Each structure stands twice: as structure tokens, then as C-alpha cells.
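Scroll down for the structure; my scribbles are underneath it.
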Amino acid sequence: MAEDARKLLELFQCMVTIRQFETMAQEYFAAGEIPGFIHLSIGQEASSVGVCSCLRPDDYVTTTHRGHGHMIAKGADLKKMVAELLGKKTGFCKGKGGSMHIADFSIGILGANGVVAGGLPITAGAGFSIKMRKTDQVAVCFFGDGASNRGPVHEVMNMASVWKLPIIFVVENNQWASTTPQTSTGSVQDLSIRAAGYNMPGVLVDGNDLLAVRNAAMEAIDRARKGEGPTFIENKTYRIRGHFEGDPQKYRTKAEVGKWQKKNDPIDLFSKYLIKNKKSDKSSLDKIRKDVEAELGDAVAFAKDSPFPEPKEALEDLFANSYKGGSPS
Amino acid sequence: MAEDARKLLELFQCMVTIRQFETMAQEYFAAGEIPGFIHLSIGQEASSVGVCSCLRPDDYVTTTHRGHGHMIAKGADLKKMVAELLGKKTGFCKGKGGSMHIADFSIGILGANGVVAGGLPITAGAGFSIKMRKTDQVAVCFFGDGASNRGPVHEVMNMASVWKLPIIFVVENNQWASTTPQTSTGSVQDLSIRAAGYNMPGVLVDGNDLLAVRNAAMEAIDRARKGEGPTFIENKTYRIRGHFEGDPQKYRTKAEVGKWQKKNDPIDLFSKYLIKNKKSDKSSLDKIRKDVEAELGDAVAFAKDSPFPEPKEALEDLFANSYKGGSPS
Amino acid sequence: MSERIISTSAALAEALHEEMARDESVFIIGEDLVSHEGIFGQFKGLPTEFPGRIIDAPISESAIAGVGIGSALTGMRPIVDMHFSDFVTCCMDEICNQTAKIRYMSGGQVKVPMVLWCPDGAGLRAAAQHSQSLEAWFVHTPGLKVVVPSEPADVKGLIKSAVRDDDPVMFFQHKQLFARQGPVPEEPYLIPLGQAAVKREGNDVTLLCYGSSYYLCKEAAQVLVDLNIESEIVDLRTLSPLDMETVAQSIRKTHRVVIVHEACLTGGYGGELSAIIQDELFDYLDAPIKRVAARDVPIPFSPGLEDYCLPKVSDVVAAVRAVTYK
Amino acid sequence: MSERIISTSAALAEALHEEMARDESVFIIGEDLVSHEGIFGQFKGLPTEFPGRIIDAPISESAIAGVGIGSALTGMRPIVDMHFSDFVTCCMDEICNQTAKIRYMSGGQVKVPMVLWCPDGAGLRAAAQHSQSLEAWFVHTPGLKVVVPSEPADVKGLIKSAVRDDDPVMFFQHKQLFARQGPVPEEPYLIPLGQAAVKREGNDVTLLCYGSSYYLCKEAAQVLVDLNIESEIVDLRTLSPLDMETVAQSIRKTHRVVIVHEACLTGGYGGELSAIIQDELFDYLDAPIKRVAARDVPIPFSPGLEDYCLPKVSDVVAAVRAVTYK
Ligand SMILES: Cc1ncc(C[n+]2csc(CCOP(=O)(O)OP(=O)(O)O)c2C)c(N)n1
Ligand SMILES: Cc1ncc(C[n+]2csc(CCOP(=O)(O)OP(=O)(O)O)c2C)c(N)n1
Ligand SMILES: [Mg+2]
Ligand SMILES: [Mg+2]
């Protein structure tokens, strides 16, 4: 499918934004300004952008512990994102969630998740509700190769197929689950093979090729909107950073990482494509990078200037209906 | 594979024993002598006998809520079985388990289960322990078509394949899960298709054809003993009785049941085979039926004469090590 | 209260009819609901009156609970039928890590209007995996409300409030009570969550109960009358939020407390209740708080064994005599 | 006690070295154990010393717990690493319906020698799904033993007993304590399950604690000295079986009790403990039993919020002053 140049540059900008956001997060974490744990998706931007750029604002997405890219690609406000990572009152979750539980329901992000595969059952519900409400929304769930070994994945895929729910299952097979290589814990190397066991289409995609991901996503989303049911997309990609920031990474060699970084960086690949096909040129791409830097700079400034929540705010937001006899009539 | 006549008659006798046992259970339940719930496998005897007759006493089996047949086929003592169903002190579980939790660890039956698919994770452990102990035992888990929709099935199949555990997965696809037809809740009609998603052999078998089941089982068991890993066998069969005794069965027609009963009864089919192939004759088969009746009669008499447990025995058997500081040195 | 007498199942079905008619976003999902109209007849008439809004799911508890959360987050009001409360164990992550926490973790961005409906309790000779009373686990899970009604009229008023509540509600009903009958007003009404009911007045002892234990206390109260002991029965109905005012008021009058529940003793809700009471009402107590509950073993199959494990009227009577020194 | 000082992680690793060397049937299974030698360094040296006996599993909690049960039933002594205690929610059926009940349901046919090892607790800014203390759920599950050690020496002696025990043991260790150091005898020794330890003697108040709350009590006791309050610290170490004798002995002396745990207050183990104490020792109590615990919310991410929710030394001091009226 031929994309117009403006759209292509938008996609490029989105990938760059994710990369710069996470590079910033990496530095702030190292500097001790981000508490807890963060998991970066550097090197996997094409998967986030390729899929989410095909979605409407009213479509749903469930993400994972590695979810910054999905949030940004779906259109999340950088200010509130940085603020949440820093635990500030102005963050998406008022500092209650952090990176692992970041969410923006206003754009259909039903939450990152600290539980591996925790998003899949939630997606089943989103898809089911779409069907009940008879809208043409769709629901996407991102999950990892490691997550694919968990039981809920099976239950949700079977259910989605039986009821033809408008769900797109996107496994980001970055070939590692924390310290374990996918091949050591998964009985099949191409997880998309399993789609056949659920009577749904399975698509194996080069997850670092933005346009390939986009094509697969568009087709799947189209099927889902038409009520033809779920699709299982496998984006083969690679995790460049450690599992979490600070991961000693004894389980793999620098060479392995380097190979992917040099030969297979999704942003490099796409910028080469843009230039080669005269969709843009180096200076315009550099300009985009600069603009993103500026925007991110503002977001960081906003977050740093924001106050922390008052300790006692910890007691707020538990229940929607007043704890005592909370039953609206 | 050619079986000698003596063996064939043994198999016949085993199926007849299961049928008569469950017919007895049906009557005793109707008469109010069996408390709680019972689930009968009448019509599925070829699956139990076909598989378990290929096992050694030291092999393991996990069964289900519909497990009488598996127990008997693995060689369980009828006396203790009837006694357990009646809640007697002389039952396998001293009356603590009943039909849904009947077990005989001395013959490798690691338990029936009240939780659908509850046996599969246990089988993973049995298979893993075999591998650790470097014996050539195998572990079989029986489960239903409905159970196949549960997450643990996925986790255990994947794990068994990755580690080449000596496990035989036997799904008894009797086409109904309580009130729901398999096709209404399962995304594929032949569940054995899913084997490919775990990189293990999947075998679809006419589950009412005793020798077909036996052949498939022998091959799978042979693979497992040789350390070549798990196999997924699907025995297509049919549940003749209600899901539980007393089931109103509004969900299916008498005609549907009748068709299977008349055309596809595994015991009829096998006796016809025996006679047609001159392995036996009607009178010898009748004699076997009579012998089984006699044996079952003794078992029932034993159970009825047995005492109920003393109420306070309810407090026994919880812990193996005395509750207070129970730590053997 | 009008004097129409109906069963607990009928009361539940009536309430659900009212709520599903009133609000299109309400639906019920679970296993084997349609054909039996609920294994206890509790959904009688719903499948025909609301086709497509009471759904038979695959045996996939995680996915079923997920349908609850995900649809509650996106505009629906799901009622998730757990089939047997014992099977919450097959979706504890979805219930306790996701449903209970998602509103809080997101800083209050969303509501989770969802009912997890759990038939629980023993007595059916259903043995260890089909007889548990697990409410205490959920009382210890911030983000969940926990309701355990006893009489048919409570069931009707409380399920309607639970369905309308914007937070996740664990709703436990004892399997043995579905056939029990009682007066239920024909007109729609709500009983707010967090409101206990004084169901019998008395000055000598306060009996705290919920669900099936209410009936034990009711019977015990009759027996106790012959011993000249007048018991006050407080049916908690909702465990979280707990109506401590009503509880305290009664105890300030009676100075004596017996707590009764069917869940096994150790770690049961009675412990929490006793701890709050002795802390807040220490000087009012003239005797130790006694707890009557099931034995600390799984529920055994054989009738004699099961009966031995469950709390009995005589246990309640004995506990009351102990705290009243009579 | 010898004065060798080592970390809690080292104490655990040493004990496991001893047990795995002593008994070939002991093995450890969980996620991401080998490369890190345990995410908290708790399995240091084991992968190299016992190759093939510490196993990295797929992310499949039900199957992993199943490997525990099934292998325990067939001759092995598995230690199942839950990675974070929060993930017990992904295998509650395997733990509570299968592991805890199978011996009982089978009429005592089998033993289930299995340890479920669960790193728990908050303070790492890990937020709601990686910070829970869930021991109370398992205390309410007949068939399980529950151990929650505090100091390194307790960890060594108790894990060895847990591994040798023929029943399933839930073994909780607080994530914040792995780096804590303390004296640990070099020679092998066992601490029996079900034995509490009086770790500080005092006549004015009994502080009941376990796991991380022991350290809160220890600090509080120092502060209280300046208020002329001598606290007796009873570290329960094992919650089931509970060592009620030691608890009672102390309370008969002090007449005052404060219970401290990190799990959230409502429905926590403190309720059970308080209920038993007021029942058995009613006449010995000169003040209500106070509980100090986490707030009844999920654990929030932002440091200031999380700290606000967790019990603090000052909370313990305040509770003691309340029960001693000082
Ligand atoms: C149920 C559960 N089990 C284990 C963990 C610990 N854990 C967090 S991320 C992770 C690896 C996930 O790997 P994968 O699904 O491939 O995602 P990736 O990190 O590669 O993006 C593990 C084991 C968890 N959070 N939840
Ligand atoms: C986890 C769980 N969910 C639901 C049930 C209730 N239940 C018992 S048997 C059954 C149907 C099982 O169907 P299938 O697996 O096909 O076995 P079959 O009864 O046909 O032999 C159901 C839903 C249960 N026991 N456990
Ligand atoms: Mg991965
Ligand atoms: Mg079936």
C-alpha cells in the first residue's frame, strides 16, 4: 500500500519520539530520578508504531510492562507520561501506577500490566463489550514471547475465535523473556503457528520493518472491524536494552545485541527507506529529531516542576462509590 | 498389531467391568445410596481401557471428575472403589474423597479431580519427576474437550514439549462439556490439531474403537519411554449418560444419544469384532459378563457391610508431620 | 414488608430481571447458564427474556473474569458467574491483581462496575473442591466489596445494589440456601451495601453472622430462649464495607459476642471482626468473643464427616452459654 | 550462636546448599533462576554446584506449581520459586485446591513434601502487583504450613526444616530483607516449624511480629526504652502451626499486646491472632490488643505514597503507648 509522504514522516516522528523518550528514561533512571523498575522497548519501536498508527482513538489497547512505546504510539501526552514515571501528582495515574501500570483510558489504553499476559483477559472483555455494544471498534493486545507460554493466552485466543471478537493479538517476539531465550521455553519458534490451533489467521512479520507491520496490522484490523474475528500477528524483533534497567545481562553476549543494533535498527531502516525512496532527506529527518527533542524537553521540564502527591492521597481513588453504603439509585 | 486372544478377552472383561460398575453406581445413586455427585463414563470405556491397558503398574495416570473407568482400567480394587463412592471407611480415601477425588497412588493413579483440567499440572510434575529420577515410566493425563479450553492445558503441553517429558495427553472428546457442545466453545473441532502448536505429534482416534485407541496409545507410550517426548491423542467418543446423574439434559435430544448408543457402543463393537474374528464366541463372552457380575456383587456387598468413618476421623490425614514443630531431622 | 413468600433463587432471578430490564449494559457471563437457567435455577426466565445477555462461555475462568473486567472498563455492567466459588482460584490474578487494583493503579481514571457472583458453602457432599467459603480472602484484598446475604429479601435488595455499584463486588450465596423461602416484597427496592440488619432483638448476647450462619443463629436463638437467654442477631450482610455502627450499638447493649460463619475458623472473617470489636469496644466486653466456624480441614465427602466439620446450632448454643456463663 | 555475620540471601543459599547436598531429591524450579542465581542472589552458587537441579521454567505458573505437586507426589522434594509472591494468584488452584488438599482428599495415602518459596513485601517502589504480603490467604487454607522468617539465622534453620517437612510449606521472605545481615552459625541446624522466638525480654508489652515487622519492633523497642517501656518481642516465625504457648506465656506476663505486620490491616493475620488471644487470655489483658499494619489500599508507586501506606516504627511506638496508657 502506498503511503503519502506526510503520513510516513508522522510515523518516523512517532518512532523517534519513543526512542528519545526511552533514552531519556534510561538516563533519568540511571540518575536515580525514576523509582522502581522500568523496562524499555528500544529497538521495538516499529511494532508499537506499525500497529497503533492503524488504530482510531476509540480503539482499545492493552499493553505490558514494556509499554511506553504502545502508549506514545496511541497518542499519549508525553508530559503526563514523564510525570508518572517520576511519581508525580500530574502523571497519568497521579503517581500511583508508575511505568508498570501507566494507562490513559481517554485514548483507549486499558493499562500497562505488571503481570505477564495480564492484559489478555482484559482485552477479551474489551472485545466482548465492543460486540455487545455493536460498534466497529477493535481491541489490540500486545504481549511478549515469554507471555505466550501463560495459560490465559490460550483461553483468550480460543474465546476470541469462537465468538469472533474484534481482537488483534500482537506478540512481540523479541526472542528473550528476561534471562531465557524464546527457544528454551517455547515449544515452537514461530508463535504465530499456534493461530491454526484457534482457527484464526496467523501472520509472521519482520517486526523491525515498520511498513510490513503496518500492512499486517491494517489487514487484521480491517477483518476485525468487519466482524470477521481475531488475527494473531507475530512481530519478530529484538530487545536491545536489558530486561529491566540495571539488568546485568549475563545471559547474552554484547555481540548478539550489537548485531541487531547495527543491522536491524527499525528507525535506521525506516530513515534509509525514506531517503532511498525520496520521501524525505537527511536534513528534514534531523529537523524532526530536533523538534521531538524540544517537545520531550518541555515534557521533562513539566514533570520535574510538578509536585509529588501528598502522602495522604494514597487513600484516594480506591472506590468510585463512597465506601459507606455506596449504592447510587 | 496382532493381539493374542487371552489379552483380547482381558480387554473385553475390563470394559465390561467398567460398564457394570457404572451401571451399578447409576442405580445406587438413584436409590440415594451414593451421596454427592457422580459423573459416569458409560460409552467411553474404550478410551479408558485402550490407554490404561498399555501401561505398567508403575506408570502414572491423572484422571478427571469422570474417572471411574480410568481407575478400573489401571487395576483399582473394586471393593475399595464402591466403598469410597458410598463414603465408607474402607474406601480408597476412607470416605474423604468420594467419586470426584478417588485415587489409588499404589497403582499410580494420582487422583480424580473436581477441578476441570486440574490433573494436567500434576501430570507435568509426574513427568518431570520421572525425568529427574531417570526411570522409563510414563505419565498419562486424561481430560475432556471442555477442559481443553483451560489455560493450564496450554502451559503443560508447552512445558512437556520443551522438556520432552514422558507424558501422553489424552483428550476424551465426548462432544459435550456439561450443557455446551464442543463446537460452541472450542475454536477447532479436532483438538489434536493443536499438537502442532506445541511441536508434538497429534493423533485423532475413533475413541470407541478399542484397538485403534490401543495402537495410538502404544505408539505414544513407546515414544515417551524412549525419551522422545509427549504425544497428544484425541479420542473422539460420546457421553451416553447425563453430565452428572440427575442431569435433565435439556441441551440434547434423546435421538442424538440413541444414535451413538445403538451404532457406536464400544463394548458391542468389540464383542462383534471378537466373534467375527473367531477370537471368542457369544457364550464365552456371556460367561465373562457373569464373572464380572459376581465380582462386582462381592465388591458391593463388601462396601455395604463396611462401616462409615467415625465423625472425628474428619480431623485425621491433613498433615503427614505432626502439626506441632513437624520437622523430621 | 409484603408477605409474598418466594425462594432465594426466585428472589435473585426477580432482581436480575429488574436490573437487566432497567439497564441494557447489564449482562451475565459464565459456564452452563442458559440450559439450566443457572445450575440452582437462579437465572430462571432470563435466557428467554434477555437473549444474548446471558452467555455460556468456554471453561476458561481467566478469560471469563477478563470479560468482566474488560467490559466493565468499556461501558458494560457485567455479572460474572463463578459457577462454584471454589473456582475463583482459577482466576485470582484477574480478580485480585487486575479487577481490584486497576482503578487505584490508574489514579481513579476508571470505574469497574462488576459483580463476581459466587455460589459457595458446604453440605451437598460435594467434597473439598466444591464446598469452600472463601470470603475472607477478598476481605483482605483492597479494592473489592464483599457481600454475603442470607434471606431472600436481602438477596434481592443487595444484588440490585451490587449491580448498580460502580466498584467490583464479590457476591457470595450459599448453595444450600437457594431453595430456602422467605418473604420478599414484590416492588423493586435497594438495600445499600454496608448496612447490617438487626434481625432479632435481645439484651443478653450479640450473634454476628452472615449468609448461611444467619439461619444457624436464628435457630439457636429459639433454643436459647428456653435458657432465658435473649440473643440479638445482627446479620452483617456486607463484610466490606462493614457496618461497624450497627455492630457496636448492639454490643454496647449486650456486652457479649458470638461470631458465626461457615468458613473454617483459622484466618476466617471472624478473626478480623473479633479484632476490631475487642479494640474498639474493649471496656464493653464482659466475656471473651467466641467464634463458631468450620473445622480447619478441607470439607470431606462422607456425610458423617462433613457434618462433623460444619458449625451446628448446638455449637452456637454452647458458645453463647460460655460467654453468658450460663 | 557463633558470630559469623552474613546476609539473609547468603543464609538461604547456605541452607539450600546443605539440603541439596544431603538429599538428591531436592530441586528448585521457577523463572529466571539460573542466570541471576536468584533475582535476589538467594541461590548463589547453586546452579554451578547442582547443575540440572535448579531449573528455569517457561512463564507458566500453573505448570510450575504443578511440577511441584506432581513431583512431590512421586518421590521428589521440590522447592517452587514463585518469583514474586504476587504471582501465587496465577496458580491458586494448584496451591489451594490441589497441593493443600490432595493428601486429605485421598485419606492420607500420600505425602506432599514441597516448599512454595515466595519473596513478598513492599518498599521497592514496585507498585501494586509486585509488593503484596499475602500470607493470610494461606493461613486460611487448611493443609498448608506457613513460615515467615525475619533474621538470617531464622531463614537458615527454617528453610531446612521446611525442605525436610513432608507437608506443603508456604515460605515467605521479604524482598527488602535479603541484603540484611546478621549472625548465622556455620554448622547445620534446624529450627522446627511452629516454634516462635522471644527475641527481646520485657515486662510492659508483648510485640507480636513476623518477617519484616520484626525489625520494626526491634527499632521501636529501642525508642520505647526512653519512655521507660520494656517490650518483649515475640517473633512468631511460623504462622501455621502457630506457637501459642510462647505467645501466651509472654502475654500472661505483660498483659498488653501489639501485633505488627506489613500485610494490609483488614483481614490480615493480626485479626486471627488477636481473636485467639482475647479468647484464650481475656482475663490477662489490661488493654485492647492493637494492630499495626499497612493501609487498606493496593501499594502505590510514588515513594511518598508507598511510605505513607506501610507500617512505621513510629506507628508501633504509638500503639504501644496506647496500650500502656503512657
Ligand atoms: C505472571 C508473571 N510471571 C512472571 C513475571 C516476572 N516477569 C516480568 S517480565 C518477564 C519476562 C517477560 O518476557 P516477555 O513476555 O517475552 O516480554 P519482554 O520482557 O520480552 O517484553 C517476567 C518473567 C510477571 N511479571 N508476571
Ligand atoms: C475449573 C472448573 N470450571 C468449571 C467446573 C464445572 N464443571 C465440572 S465438569 C464440567 C464440564 C467438563 O467437560 P469436559 O472437560 O468435556 O469433560 P466431560 O464432563 O465431558 O467428561 C464443568 C464445566 C469445574 N469443575 N472446574
Ligand atoms: Mg520477550
Ligand atoms: Mg466433554
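At-a-glance table
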{"item": "Which listed residue, of C:Ala11, C:Ala15, is within 14 Å of chain A (Cβ to nearest Cβ), in a helix (DSSP H, G or I), under 22 Å from the mean Cα position of the chain (by Cα) and touching a residue at least 24 places away in the same chain (Cβ under 8 Å)", "result": "C:Ala15"}
{"item": "Residue check, D:Ile39 β-branched (Val, Ile, Thr), within 26 Å of D:Gly182 (Cα to Cα) and at pLDDT below 95", "result": "yes"}
{"item": "Subset of segment C:24-41 [buried (at least 22 other Cβ atoms within 10 Å of the Cβ), β-branched (Val, Ile, Thr) and under 21 Å from C:Ser7 (Cα atoms)]", "result": "C:Ile28"}
{"item": "From C:Gly70, C:Gly107, residue being outside any loop (DSSP other than H, G, I, E, B) and either at the interface with another protein chain (Cβ under 7 Å from one of its Cβ atoms) or basic (Lys, Arg) (or both)", "result": "C:Gly70"}
{"item": "Elements of type helices (runs of 4 or more DSSP H) contained in segment A:44-104, each with 1 or more residues being within 16 Å of ligand 1 (Cβ to nearest atom)", "result": "A:45-52, A:68-74"}
{"item": "Test result for C:Lys312, under 22 Å from the mean Cα position of the chain (by Cα), charged (D, E, K, R) and closer than 30 Å to B:Cys93 by Cα", "result": "yes"}
{"item": "Residue within segment B:173-192 that is buried (at least 24 other Cβ atoms within 10 Å of the Cβ), more than 16 Å from ligand 3 (Cβ to nearest atom) and under 21 Å from B:Met81 (Cβ atoms) present", "result": "no"}
{"item": "Selected residue (criterion: surrounded by the most Cβ atoms within 10 Å (Cβ to Cβ)) from residues of segment A:20-43 that are on the phi > 0 side of the Ramachandran plot and within 15 Å of ligand 1 (Cβ to nearest atom)", "result": "A:Gly43"}
{"item": "Residue that is farthest from the chain's Cα centre (by Cα) [pool: residues in segment C:155-203 that are away from chain A (no Cβ under 14 Å) and surrounded by 23 or more Cβ atoms within 10 Å (Cβ to Cβ)]", "result": "C:Val184"}
{"item": "Single residue of D:Leu273, D:Leu285 found to be over 16 Å from A:Glu313 (Cβ atoms), surrounded by 24 or more Cβ atoms within 10 Å (Cβ to Cβ), among the hydrophobic types (A, V, I, L, M, F, W, C) and facing chain C (nearest Cβ under 10 Å)", "result": "D:Leu273"}
{"item": "Criterion violated by A:Ala147 - all others in (1) within 16 Å of ligand 1 (Cβ to nearest atom); (2) surrounded by fewer than 24 Cβ atoms within 10 Å (Cβ to Cβ) satisfied", "result": "(2)"}
{"item": "Among the residues listed as A:Thr90, A:Thr123, the single one being more than 8 Å from chain C (Cβ to nearest Cβ) and of a type in the set (Val, Ile, Thr)", "result": "A:Thr90"}
{"item": "Qualifying positions in segment D:139-150 - closer than 17 Å to C:Asp296 by Cβ, of a type in the set (A, V, I, L, M, F, W, C) and more than 8 Å from chain C (Cβ to nearest Cβ)", "result": "D:Leu144, D:Val146"}
{"item": "Residues satisfying the stated conditions in segment A:275-302, i.e. more than 21 Å from A:Ile72 (Cβ to Cβ) and not hydroxyl-bearing (Ser, Thr, Tyr)", "result": "A:Ile275, A:Lys276, A:Asn277, A:Lys278, A:Lys279, A:Asp281, A:Lys282"}
{"item": "Unique residue being more than 11 Å from ligand 4 (Cβ to nearest atom), surrounded by 24 or more Cβ atoms within 10 Å (Cβ to Cβ), within 12 Å of chain D (Cβ to nearest Cβ) and of a type in the set (A, V, I, L, M) when the list is B:Val170, B:Val162, B:Val153", "result": "B:Val153"}
{"item": "Criterion: under 21 Å from A:Leu165 (Cα atoms) and at the interface with chain A (Cβ under 8 Å from one of its Cβ atoms) - qualifying residue of C:Pro51, C:Pro58", "result": "C:Pro58"}
{"item": "Positions within segment A:1-32 being closer than 26 Å to A:Glu245 by Cα, under 20 Å from the mean Cα position of the chain (by Cα) and among the acidic types (Asp, Glu), in sequence order", "result": "A:Glu22"}
{"item": "Helices (runs of 4 or more DSSP H) enclosed by segment D:252-326 - at least 1 residues per element that are of a type in the set (S, T, N, Q) and touching a helix residue (DSSP H, G or I) at 6+ places or on another chain (Cβ under 7 Å)", "result": "D:269-280"}
{"item": "Residues being in contact with a Gly (Cβ under 7 Å, 6 or more places away or on another chain) and either without any contact (Cβ under 8 Å) to a residue 24 or more places away in the chain or farther than 25 Å from A:Asp222 by Cα (or both) - total across segment A:113-139", "result": "5"}
{"item": "Residue within segment A:275-297 that is closer than 30 Å to D:Glu306 by Cα and modelled with pLDDT of 95 or more present", "result": "yes"}
{"item": "Meets criteria (of a type in the set (Asp, Glu) and surrounded by 24 or more Cβ atoms within 10 Å (Cβ to Cβ)) for C:Glu280", "result": "no"}
{"item": "Subset of segment C:128-184 (residues that are among the charged types (D, E, K, R), closer than 27 Å to D:Glu262 by Cα and in a helix (DSSP H, G or I))", "result": "C:Glu135"}
{"item": "Selection status of B:Lys250, away from ligand 4 (no atom under 16 Å from the Cβ) and more than 29 Å from B:Asp58 (Cβ to Cβ)", "result": "yes"}
{"item": "Members of segment D:204-226 that are assigned to a loop (DSSP other than H, G, I, E, B) and either touching a helix residue (DSSP H, G or I) at 6+ places or on another chain (Cβ under 7 Å) or surrounded by 20 or more Cβ atoms within 10 Å (Cβ to Cβ) (or both)", "result": "D:Asp204, D:Tyr210, D:Gly211"}
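Condition check ((1) in contact (Cβ under 8 Å) with a residue 60 or more places away in the chain; (2) surrounded by fewer than 24 Cβ atoms within 10 Å (Cβ to Cβ); (3) closer than 17 Å to C:Phe171 by Cα; (4) not β-branched (Val, Ile, Thr)) across all residues:
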position	(1), (2), (3), (4)
C:Phe43	no, no, yes, yes
C:Pro47	no, yes, no, yes
C:Phe50	no, yes, no, yes
C:Ile55	no, yes, no, no
C:Ser62	no, no, no, yes
C:Ala65	no, no, yes, yes
C:Leu73	no, no, no, yes
C:Pro78	no, no, yes, yes
C:Met82	no, no, yes, yes
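The values are calculated or read from the model by the stated rules, or taken from the named source; none is laboratory data. Since the model is a prediction, treat every value here as computed from it, not as a measurement. We place every Cβ from the backbone using ideal geometry, glycine too, and count neighbours over all the protein chains shown.
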